[in-house]
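The values are calculated or read from the model by the stated rules, or taken from the named source; none is laboratory data. Because the structure is a prediction, the values reported are computed rather than measured. Cβ coordinates were reconstructed from backbone atoms using ideal geometry, including for glycine residues, and neighbour counts include every protein chain displayed. All accessible areas refer to the heavy atoms of the entire protein, side chains included, with ligands and DNA or RNA removed. Shrake-Rupley method; radii C 1.70, N 1.55, O 1.52, S 1.80 Å.
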Amino acid sequence: MSDLTNMAHGSFFFGPREVASIKKRLPQHLLPKCSTFELVTACLWKCRTIALEVEPDDVVRLSCVINARGLNVPRGYYGSTSVKAMVLSKAGHLCTSPLGYAVELVKKAKEMVSEEYVRSFIDASVIKGGPNHTTVWDYVVADTTKVGFEAVDFGWGKPVYGGVAGAVPLISIYVKYKTREGEEGIVAAIMLPERAMRRFQEELEKMTDKGTVSEDQYGVDSSMIRSKL
């Protein structure tokens, strides 16, 4: 990934209003069966690819970290059950197609995670090592909103925030978040070159029907966390 010395961290809040605005861009047949994870992931992947100005014929890759704990995991096993499911698209097609195209790809990634897939993923990871995510064409997303960080109490009371400290290149981790006004939603952290971050914000503002002003801080208020970290 180029220009690593000139990177911007972004933290974007998706509450009920943002999710409803993005949903308006979906075809009717996808509305009843599109989860918030699928919607937010499709939106971020599309906006990110546009912002990075990837050549139309280049192939971009989305890897979703999926929890496979429900797939016949042995009783008493408490280790990681996360696997990565990957989908590909021509950048030009992803950028110019309706949002429903990206949503369908995210759904495809989730649906491919079967018990057989998990076994194959583990075998491949042992033999070849994990996938090598090293270029801006790669994007990895992970959802921790159901882990329960916000309810952890070490004796000091409920946490103000629980989750990742910030963005890292190529990876977005979703965390549960409540604004000072009590609005609940998801925060997704992202890191991009500064110029690309500005374009990304512009594209996201179009998706959510709102322009925002940014601050380099978590949790000041709901308007700030909707934009740049």
Filtered residues of the stretch 23-63 (kept if open to solvent by less than 10 Å² (accessible area, probe 1.4 Å), part of a helix (DSSP H, G or I) and in contact with a Phe, Trp or Tyr (Cβ under 9 Å, 6 or more places away or on another chain)): LEU39, VAL40, THR41, ALA42, CYS43, LEU44, TRP45, CYS47, ARG48, THR49, ALA51
How many residues does the stretch 132-161 hold that are farther than 26 Å from GLU53 by Cα, part of a loop (DSSP other than H, G, I, E, B) and not aromatic (Phe, Trp, Tyr)? 12
In the stretch 146-167, the residues that are among the β-branched types (Val, Ile, Thr), open to solvent by 70 Å² or more (accessible area, probe 1.4 Å) and at pLDDT 80 or above: VAL147
Enumeration of residues in the stretch 162-195 that are among the hydrophobic types (A, V, I, L, M, F, W, C), part of a loop (DSSP other than H, G, I, E, B) and touching a Gly at 6+ places or on another chain (Cβ under 8 Å): ALA167
Taking the stretch 1-30 on its own, how many of its residues are touching a helix residue (DSSP H, G or I) at 6+ places or on another chain (Cβ under 8 Å), among the aliphatic types (A, V, I, L, M) and modelled with pLDDT of 95 or more? 4
So in the stretch 77-93, with the set limited to residues that are closer than 28 Å to GLU116 by Cβ, open to solvent by less than 60 Å² (accessible area, probe 1.4 Å) and not in a strand (DSSP E or B), which one is modelled with the highest pLDDT? THR81
Please verify whether the stretch 53-63 includes one or more residues that are over 14 Å from ILE173 (Cα atoms) and among the small types (Gly, Ala, Ser). no
Looking only at the stretch 100-132, and only at residues there that are more than 21 Å from the chain's Cα centre (by Cα), among the acidic types (Asp, Glu) and modelled with pLDDT of 70 or more, the one that is most open to solvent (accessible area, probe 1.4 Å): GLU116
Just to be sure I understand, how many residues within the stretch 46-62 are under 15 Å from the mean Cα position of the chain (by Cα) and over 19 Å from ARG195 (Cβ atoms)? 2
Sort through ASP143, ASP138 and tell me the only one that's open to solvent by less than 70 Å² (accessible area, probe 1.4 Å), in contact with a Pro (Cβ under 9 Å, 6 or more places away or on another chain), modelled with pLDDT of 85 or more and under 24 Å from CYS64 (Cα atoms). ASP138
